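Below: one structure, written as structure tokens.
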Amino acid sequence: MQKTISLKTTVFLISMAVVAMTACRKNNYYIDGGLSQQSDAEKNMPVYDFLASRPNHMFDSLVKIIDLTNAKSVVNQPNITFFAAPNSAVQRLQMNYNPDDRQTPRALADIGKDTLLSLLGRFIITGNKITLEQAVKDKQKYYPALNGDSLFLNGKGGGINAGSSIQTSAFYLEYVHMKIPGKDSVQYTGSFQTHNLVTSNAVVHVLTYGSSFAAGLKQKYYR
């Protein structure tokens, strides 16, 4: 009898936990570990300082690119949307210069500054702070990147099953860089691990670890 009661109690507690988690997700679809976990000091930093100050150093390679290309003023300009690439995304660009993963990635300083600056421009939209909420409202919208390339931002997710008012998935943002014939090998689609980070001059969305700073650029090797 005691085991039966204990089992029923356990099932009940698990059920309540699932309900609570579902409710939390429903109320926090747009938070995604972003704005809600930022300090006021972080929100008052320009993009460069925000990236350079991360305690986990996840943007060190991106900061180095900004330094090498003298682009601090570019990422700190007012009213921009910035798609931040983590170290792994930059390393993917570096590794694509080698035929073998066991080889040392090409040093950023040995990649042309014009190439790095052009790629950085693929991840900046000027004159607009585009939030996840805005992207979901727009569904799909074209934007010119800072370097003149064509981007589409797609707001997705938040599905609702037929006959129900309960959302079955979170909203999310999808970044699409349109292929440039002769320059790119593919149309590049990127996804994000964190949306809606706020700095003094920008809204920042953080690309996933599996993304690539190359963003479709034609290279000799491809990962």
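Listed values, structure above:
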item: Lysine pairs meeting the criterion (Cα under 23 Å, 8 or more apart or interchain), as found in the stretch 48-196; result: 16
item: For peptides 134-144, 67-77, sequence by mean Cβ density within 10 Å, most packed first; result: 67-77, 134-144
item: Highest to lowest packing among 96-107, 80-91, 177-188, 54-65, scored as the average C-beta count within 10 Å; result: 80-91, 54-65, 177-188, 96-107
item: Segment SER39-LYS72, length gained on full extension (0.36 nm per residue, minus Cα span); result: 9.6 nm
item: Cα-Cα P(r), the stretch 56-136, percent of pairs per 10 Å interval; result: 16, 46, 28, 9, 1
item: Whole-number Å³ per residue for the convex hull built on Cα positions in the stretch 31-207; result: 144
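Since every read-out is calculated from the coordinates, none of them should be taken as a lab result. The structure presented is a predicted model; accordingly, all values stated were derived computationally and were not measured. Cβ sites come from the backbone with ideal geometry, for glycine too, and all protein chains shown count toward neighbours.
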